[in-house]
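Here's the structure, in structure tokens; my notes come after.
Please treat every number below as a calculation from the coordinates, not as lab data. Computed from a prediction, not measured in an experiment: that's the story for all the values here. Please note: Cβ atoms are built from the backbone with ideal geometry, for glycine as well, and neighbour counts cover all protein chains shown.
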Amino acid sequence: MLIFHITAGAIALLCGITALISRKGTKVHRTAGNGFFFAMMTVAATAIYLDAVKMELPVMGILTGYMASTSWMAIKRPEGSLGLFDKLAFATITTLAATLFILGSLGVSPGTNIPSAFFYIFGSVAAFAATLDLIMLLKGGVYGKHRVARHLWRMCIAMIMATMSFLAQKAAIPEVLHGSSLLWMPVLLLFIFMFYWLIKMIFSKRYQVRVNRAEVEQHQGK
């Protein structure tokens, strides 16, 4: 199962990189995005299974699955769409955020070697996502550039988590890189990419025009 998990993670990274560098709204971007989604859901499912076997909390698997699925749904449906999925996703991430903060307050979760900082960091990410979900539900949906931003940042977070998980597998990394800070450069680059495009997307009127054009091309390509 671990090999299956690592393989799915590698496929997710390849598809994710392709989706990031390809022109938005094109067939290549959509195909890579779909591949990334299905690979990430496989990563999440296998992570949950592996944690269950080791009697550990499957928080990373749940958070990864949530990020990948909500990112995919944000762009697959017409803007302003809401349904049962969104309510279940909100309930899931709210529960997960509360659980992570509670575990963090315990210092170290019983039966694990995970420091409290881990729970606070990912608990904050989950709480932020839950807040945006609540705003979306209260407003009756998400629209325009905010819809694309929702898709982008959640996909990037899922990809960052997949990258961290992949880099943590020593069997998949050349021995010369073990313990090297260079190993985590891809994670830093993904964060830089995410913030760059979010700022450009939200504050650039020119990019909004490109987003609208991409959405038209996407609907025409269906």
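Values computed for the structure shown
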read-out: Ranked list, fewest to most other Cβ atoms within 10 Å of each Cβ, for 36, 203; value: 203, 36
read-out: Computed E for residue 88/residue 175 - FRET, C-beta separation, R0 30 angstrom, nearest 0.05; value: 0.10
read-out: Spin-label pair residue 79/residue 50, simplified geometry with 7 Å Cα→Cβ offset, distance in nm; value: 3.9 nm
read-out: Label-point gap, in nm, between residue 183 and residue 131 - each point 7 angstrom along Cα→Cβ; value: 3.3 nm
read-out: Residues 175, 79 arranged by fewest to most Cβ contacts within 10 Å; value: 175, 79
read-out: Above-threshold pairs, the threshold being 30 Å between Cα atoms, out of 76/200; 139/200; 24/54; 27/145; 24/87; value: 24/54
read-out: Nitroxide proxy distance, nm - points 7 Å out along Cα→Cβ at residue 21 and residue 99; value: 3.7 nm
read-out: Ranked list, fewest to most other Cβ atoms within 10 Å of each Cβ, for 53, 28; value: 53, 28
